[in-house]
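Worksheet for the structure shown next.
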Amino acid sequence: MTTKIIGTGSYLPEHVVSNDDLAKLVDTSDEWIASRTGIRNRRIATKESGADMAAAAAEEALKDAGMDGSEIDLILVATCSSDFQFPSTACLVQKAIHATNAAAFDLSAACSGFLFALHTAHAYICAGIYKNILLVGVEVLSKLIDWNDRSTCVLFGDGASACVVERGEGLYSADHGMEGFVQWSDGVSGEVLTCPGRKIENPWKENDSETEYIQMNGQEVFRFAVKKVPECIRQVTEKTETQIETIDWFILHQANSRIIQSVAKRLGVPEEKFPMNMEQYGNTSAASIPILLDEMNKKGMLQPGQKIILSGFGAGLTWGAAQIEW
Ligand code: ACO
């Protein structure tokens, strides 16, 4: 058995915020942001909830797969910016798409969330538990950002994307689908990228936490990403006994173009094999990998038999890579 992606879909908010728009809010410039990150625009949710975006992406992925919500056995939503503490976004999506036969839950692994969800789905499928699984990556990071902090507010965007995966035959075989996977976490180094939740608020509280917004040591995150991403890509290709030069596409988390360029250089792979779209959408965390995958799918860039590496990295710290055959 293996896991095949059979449908993709995305939803991005209509409202576009450019670097020039941000320069009216904080002391920054298009030149500074674009040269250091590759980002020029991002979409910001002005009326859509995370669940609205996730459900719209899910509907499109189901349509692409030629399936109905009732055929889905499990809904996994990767997010670190859910609308509610509970119910989960996955349960809100279940309601919206009438997936009455599904179990549903959220998964939190920040920017690696979609990769970790894909692996979780693969494990369920290989265990013979579920056949059709809906995966969604969705973020409304705009509500976790301090819009007065120029070091973080320029980086992120909102959006959602979904994939339908189904059980195919042949475990890690030449069959289309998942060929191999690695995933890692390092909680010890997690303080370089954090976003606190709600403060303790009860009559016995002893202290207040400081801020509820995203805080990041950018240079440490950069160092982490350019070391761990090539490492895990090498690990997964060793596991599948694949030569790196035979990989057709490297679809990486879209945090920063300089990170991706550095990964390409360290692997000795031409940059053309690393598609990027952060210029238009910024860093959409758990949604970034499936948004790019869906974009490439819709443009007809993905051909049957092509080998693709997906790699995510982010808060936790968390990182991982999957090798799939399209
Ligand atoms: N506009 C203008 N100046 C800025 C801005 C801004 N938006 N942000 C910071 N600066 C200033 C700083 O205040 C500092 O000024 P100073 O020298 O007077 O103190 C100067 O620019 C340099 O700051 P650094 O933080 O050293 O800037 P750096 O060159 O490291 O670039 C960046 C920052 C782009 C965040 C870089 O560290 C990076 O790419 N890190 C990777 C982190 C990342 O991509 N995170 C995304 C989220 S995590 C994830 O998805 C995994």
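Taken over the stretch 271-297, residues that are open to solvent by 10 Å² or more (accessible area, probe 1.4 Å) and closer than 16 Å to residue 320 by Cα amount to 0. When the criteria are applied in full, residue 59 meets the requirement of being open to solvent by 60 Å² or more (accessible area, probe 1.4 Å) and either modelled with pLDDT of 95 or more or away from the ligand (no atom under 16 Å from the Cβ) (or both).
One residue stands out among those in the stretch 252-287 that are without any contact (Cβ under 8 Å) to a residue 12 or more places away in the chain and among the acidic types (Asp, Glu): the one that is farthest from residue 314 (Cα to Cα), which is 272.
Which residues, counting only those in the stretch 135-161, are among the small types (Gly, Ala, Ser), in contact with a helix residue (DSSP H, G or I) (Cβ under 8 Å, 6 or more places away or on another chain) and under 22 Å from residue 34 (Cβ atoms)? Scanning the stretch 135-161 gives 151, 157, 159. Looking at this structure, is residue 157 away from the ligand (no atom under 12 Å from the Cβ) and touching a residue at least 12 places away in the same chain (Cβ under 8 Å)? For residue 157, the condition - away from the ligand (no atom under 12 Å from the Cβ) and touching a residue at least 12 places away in the same chain (Cβ under 8 Å) - is not met. Take residue 268 and decide whether it is on the phi > 0 side of the Ramachandran plot and either of a type in the set (D, E, K, R) or buried (at least 16 other Cβ atoms within 10 Å of the Cβ) (or both). So residue 268 does not fit the description; no.
From the list 224, 313, the one residue that fits, being on the phi < 0 side of the Ramachandran plot and either part of a helix (DSSP H, G or I) or at pLDDT below 95 (or both), is 224.
Applying the condition of being assigned to a strand (DSSP E or B) and open to solvent by less than 10 Å² (accessible area, probe 1.4 Å) to the stretch 246-263 and asking which residue is nearest to the ligand (Cβ to nearest atom) yields 252. Taking the stretch 141-151 as the range and being part of a helix (DSSP H, G or I) and either surrounded by fewer than 21 Cβ atoms within 10 Å (Cβ to Cβ) or away from the ligand (no atom under 12 Å from the Cβ) (or both) as the test, the residues that pass are 142, 143, 150, 151.
So that you can scan it fast, the table gives a plain yes or no per residue for (1) within 15 Å of residue 160 (Cα to Cα); (2) open to solvent by 30 Å² or more (accessible area, probe 1.4 Å):
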| residue | (1), (2) |
| --- | --- |
| 9 | yes, no |
| 19 | no, no |
| 34 | no, no |
| 37 | no, no |
| 52 | yes, yes |
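Taking the criterion of being of a type in the set (A, V, I, L, M), modelled with pLDDT under 95 and over 18 Å from the mean Cα position of the chain (by Cα), the residues of the stretch 156-200 that qualify are 171, 174, 200. Residue selection: residue 79 satisfies the criterion of being buried (at least 24 other Cβ atoms within 10 Å of the Cβ) and within 17 Å of residue 289 (Cα to Cα).
Listed by first and then second residue, the pairs linking a residue in the stretch 22-47 that is at positive phi to a residue that is open to solvent by 60 Å² or more (accessible area, probe 1.4 Å) and among the charged types (D, E, K, R), with Cβ atoms under 9 Å apart and 6 or more places separating them unless they lie on different chains, are 38/258; 38/279.
Only a single criterion out of (1) open to solvent by 10 Å² or more (accessible area, probe 1.4 Å); (2) in contact (Cβ under 8 Å) with a residue 24 or more places away in the chain; (3) part of a helix (DSSP H, G or I); (4) touching a helix residue (DSSP H, G or I) at 6+ places or on another chain (Cβ under 9 Å) is not satisfied by residue 113, namely (1). The lone criterion from (1) open to solvent by less than 20 Å² (accessible area, probe 1.4 Å); (2) touching an Asp or Glu at 6+ places or on another chain (Cβ under 8 Å); (3) of a type outside the set (Phe, Trp, Tyr); (4) without any contact (Cβ under 8 Å) to a residue 40 or more places away in the chain left unmet by residue 214 is number (4).
Just one residue in the set 79, 8 is in contact (Cβ under 8 Å) with a residue 60 or more places away in the chain and under 23 Å from residue 176 (Cα atoms); that residue is 8.
The values are calculated or read from the model by the stated rules, or taken from the named source; none is laboratory data. As the structure is a prediction and not an experimental result, all values here were calculated from the model. So basically every Cβ, Gly included, is an ideal-geometry build from the backbone, and we count neighbours across all protein chains shown. The accessibility values were calculated without ligands, DNA or RNA, using every heavy atom of the protein model including side chains. Shrake-Rupley method; radii C 1.70, N 1.55, O 1.52, S 1.80 Å.
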